[in-house]
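Let me begin by presenting the structure, written as structure tokens, before commenting on it.
Derivation of every value follows stated rules applied to the coordinates shown; laboratory data play no part. Computed from a predicted structure; not experimentally measured. Methodologically, a virtual Cβ is constructed for each residue, glycine included, from the backbone with ideal geometry; neighbour enumeration extends over all protein chains shown.
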Number of protein chains: 2
Amino acid sequence: MKNEISIGLLGLGTVGTGVAKILQQHQQDLHHKLGVPVTIKKVLVRNHNKERLSSLDPNVFTTDIQEILNDSSLDIIVEVMGGIDGAKKAIEEALKSGKQVVTANKDVMAEYGHELLKLADAEKCDLFYEASVAGGIPIIRTLEDGLASDRISSLMGIVNGTTNFILTKMKKEKMSYEDALAEATKLGYAEADPSSDVDGVDAARKMVILSSLAYSTEVHLDDVLVRGMKEIQDGDLEMAEKFGYTMKMVGSSKKDEEGIEVSVEPIFLANSHPLASVNNEFNAVYIYGDAVGETMLYGPGAGSLPTATSVVSDIIAACRNLLMEVNGKRMHSAQHERVIKPENSRYSKYFHRLLVNDEVGVLSKLTSIYSKNSASLQSVIQNPAGQEGQAELILLTHQISRQQHLDVLKDLEGTASVISHYRIEGEETA
Amino acid sequence: MKNEISIGLLGLGTVGTGVAKILQQHQQDLHHKLGVPVTIKKVLVRNHNKERLSSLDPNVFTTDIQEILNDSSLDIIVEVMGGIDGAKKAIEEALKSGKQVVTANKDVMAEYGHELLKLADAEKCDLFYEASVAGGIPIIRTLEDGLASDRISSLMGIVNGTTNFILTKMKKEKMSYEDALAEATKLGYAEADPSSDVDGVDAARKMVILSSLAYSTEVHLDDVLVRGMKEIQDGDLEMAEKFGYTMKMVGSSKKDEEGIEVSVEPIFLANSHPLASVNNEFNAVYIYGDAVGETMLYGPGAGSLPTATSVVSDIIAACRNLLMEVNGKRMHSAQHERVIKPENSRYSKYFHRLLVNDEVGVLSKLTSIYSKNSASLQSVIQNPAGQEGQAELILLTHQISRQQHLDVLKDLEGTASVISHYRIEGEETA
């Protein structure tokens, strides 16, 4: 049996520094848990001379990634360098040389996860990626182990802290989008370029990873319907509140006999839904399993130490497997063919906010468009509008297909202009 | 390698029936996940002739527990029979004959968990008990694996669905305690004799299991300070609401350098706390880790299929270990000595509701009792009282020790009668 486990750390940014810190601070606990010491032997850094936040021995630093990947004394490679191509190549090389790999890289796992997990299986190595989704929340593990015996039929997540922070500030403190984004940036929740957060791409990547795992199939980034925060118009948040909903950027995926649907978009979420009270930068994943019913995991979605907690939990799992010599024994092959549902079998309630000319007969013209498309309406409410001669109308539909929804929007052209439209999840309409 | 895994099921009650159902319905998924079939070979029942809800082969039933425990062809024993002594003996025998054990029995695990886990270690067998706490929520696994790398400093749980259901009904529908309990019984959430639920004993057992694991130490049932629902007086729920709190039965444990404190009691929980919005029969466990910060797991705390989901997840974990021949390799030995904090170093804010004679000087007499005990007050509010000549006073303290709190209550004798008193958790005082 091994009497020490050696780690090569690729990257010493926010997460890498956290990993080094936890491994050092919890050295004794880890030794107790595993029976052997776990030591960081090499660390890839960009610049040798930059002062390090960690108290690592300066001799462990290198700027040459090959010095780490070619080091046969290293047992586990921890990839926290970020980026796509370089990181993917590093993970591949590590696996091919028989090393266990832990990564926090959602971009790589969303794009190449299926390929890399197959490679890990073939090389009989572990490839763990808990930290790639929802920072400190052990969601990957819960889907793999905790709910291993259940058939998951839907999964909803607030998996982007930046957009959740912005929406919380907009709702609770009536901030403008711009001010809320500025505060998110100031507090370090948003990147200098926040587009992948606010456009929903970051959340879409996470939903690819979660959905693939939850339904044991291959979901691709292209399969995700994505709408960003720019869809949200002035007054929409208040409108949501008026009807008993909260506007949230939600990643949502569902599976039934017809296939899978995955989306990331701002939605009207019923206030009674457990995700509706997830505020600020927090993340949460809500899972509906046939047997278990509804469960939710809540926690920090980002940050140095929370994310590092997940990385180190993966390191511990890899260590345990190393000590038992059972690495790479999880079969990652997808059990089911990838079947994505067409638009006409994705059902939901919808909120439509329309601007019409305030003239005789317009309401009947409107409702006839819905009825032509067999889109049954739950309520039609007139909203006091700004412009003279115009009226704002709110229409809430019963369950209709996404195809019907799109057809209605198309048919409305010429009769009304669509200010905004959202999917509704959950129950209440006040 | 094994080409089949055989299970002996002890008990075919609510949970046992659920386990049989899930194992049968998910046979294909399990075969895919594990590579071998998992089959229930023997089932202990009380009465041979009783009609079974499951579609199990009638030949698997036996009323003789030894027929199962002595069957060397069985790999895993699943104990869902309930009770304490018989179940403990069965688990011991199974482990001693080299079988893996999965149990849903919180009573046994709270009382004999330390002993049984040591036995499992010695026999190199698995002893899994996910279903013993919070039904369908994978909390044991999260503490063991997901947060393995973190140091947990506090853990709070709504771990009894019956009392949470009752309190939710009392708050949201203004039901009386009696009516809410009757409805809980009608819906099957409460037992015919609900005393272990409403007195807090059931929750205390779960807190013993969770705290032992979270702090890697041996917590005993006697270490838990328990106050039941009968402490709650008319008007207390409204009082909580008035100050921005929700009355919840909460199991709470904390650890610092001085030791551990564990309690189960009705508390005033700040509305902004994630546990405050856990309603009805749902359970949730809130964990604070040094690195991860706050996380929460939410889900069904009981019920046939949710609990069975956890049991079957444990069965899958045992199967994986069997196939890799690595059962019993988790070290369960406690890392830390059991140190329980004394009353004078357990700090909290408190709510005191007092009845005094409405006479000159009573307020100054009262406040001098607090000040004598160095118990600093945050606010003193007079409540319009019922009886003439009497006044009801609400006093909210700053952080004081439990010893100070008890001393104050004692010193109040003769000056005021204490209607009710609660610990306050979380921030707001409106």
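A few points about this structure:
- Label geometry 7 Å along the beta-carbon vector: A:GLU337 inter-copy distances in nm: 6.5
- Axis of helix B:106-122 versus longest Cα principal axis of chain B: the two differ by about 50°, to the nearest ten degrees.
- Filtered GluC sites (Glu not before Pro), the stretch A:154-193: DSSP coil and at most 16 other beta carbons within 10 Å: A:GLU173, A:GLU191
- When both the stretch A:109-183 and the stretch A:268-292 are represented by their alpha-carbon centers, they are found 13 Å apart.
- Dipole of chain B, positive direction: furthest Cα of B:SER154, B:THR103, B:ALA184, with charges on the beta-carbon: B:THR103
- To the nearest ten degrees, helix B:201-214 and the longest principal axis of the Cα atoms of chain B are 70 degrees apart.
- Taking the square roots of 5 times each eigenvalue of the Cα gyration tensor of the stretch A:343-425, largest first, gives ellipsoid semi-axes of 22, 13, 10 Å.
- Basic side chains Lys and Arg get +1 at the Cβ, acidic Asp and Glu get -1 at the Cβ, and with that the dipole of the stretch B:288-430 about its Cα centre reaches some 540 debye.
- Cβ-Cβ distance of B:LEU187 and A:LYS329, R₀ of 51 Å, FRET efficiency by 1/(1 + (r/R0)^6): the value works out to about 0.75.
- Selection of trypsin sites (Lys or Arg not before Pro), the stretch B:162-209, meeting DSSP coil and at most 12 other Cβ within 10 Å: B:LYS174
- Between the residues A:ASN164, A:GLY83, A:SER196, the greatest Cα displacement towards the positive end of the dipole of chain A, with unit charges on the Cβ of Lys, Arg, Asp and Glu, is found for A:GLY83.
- Rounded to the nearest 20 debye, the dipole size of the protein assembly as shown about its Cα centre is 900 debye, using +1 on the Cβ of Lys and Arg and -1 on the Cβ of Asp and Glu.
- The C-alpha atoms of chain A define a longest principal axis, and helix A:85-96 lies at about 50 degrees to it.
- Within the stretch A:148-299, the proportion of C-alpha pairs whose separation exceeds 22 Å stands at 39%.
- Cα shape, the stretch A:1-146, gyration tensor, a/c 1.5 rule: rounded
- Kirkwood-based shape ratio for chain B, expressed as Rg/Rh from alpha carbons: 1.04
- Using a 7 Å Cα-to-Cβ projection, B:SER364 label spacings across copies, nm, ascending: 8.1
- Principal axis dimensions, largest first and in whole angstrom, of the stretch A:229-282 by Cα: 37, 24, 24
- About the centre of its Cα atoms, chain A shows a dipole size close to 720 debye [charges on the beta carbon of Lys, Arg (+1) and Asp, Glu (-1) only; nearest 20 debye].
- Value of [θ]222 nm, deg cm²/dmol, for chain B, DSSP H segments ≥ 4, -39500 (n - 2.57) each, nearest 500: -10000 deg cm²/dmol
- Across the alpha-carbon atoms of the protein assembly as shown, the computed radius of gyration and Dmax are 28.6, 86 angstrom.
- Projecting 7 Å from Cα along the Cα-to-Cβ direction, the label point of A:LYS174 sits 3.1 nm from its equivalents in the other copies, listed shortest first.
- Per-residue mean of foreign Cβ neighbours for B:304-311 is 5 (Cβ atoms of other chains, 10 Å radius).
- Antiparallel content of DSSP bridges confined to chain A, in %, to 5: 70 percent
- Beta bridges from DSSP with both residues in the protein assembly as shown: antiparallel share about 70 percent, rounded to the nearest 5.
- Among the residues of B:281-293, the average count of other protein chain beta-carbon atoms within 10 Å of the residue beta-carbon is 5.
- Charge dipole (the protein assembly as shown, unit charges on Cβ, about Cα centre) - positive-most of A:VAL19, A:ILE394, B:LEU396: A:VAL19
- Whole-number percent relative contact order across chain A, with pairs defined as alpha carbons under 8 Å at least 6 apart: 17 percent
- Sequence-distant contacts, meaning Cα pairs under 8 Å at least 6 residues apart, place the relative contact order of the stretch B:343-425 at 50 percent.
- Peptide B:333-339 is shielded by partner chain Cβ atoms: per residue, an average of 1 of them sit within 10 Å of its Cβ.
- The stretch A:1-159: relative contact order as a whole-number percent, Cα under 8 Å and 6+ apart: 19 percent
- Spatially proximal lysines relative to B:LYS329 (Cα-Cα < 17 Å; intrachain offsets below 8 disregarded): A:LYS2, A:LYS33, A:LYS329, B:LYS96, B:LYS99, B:LYS118, B:LYS124
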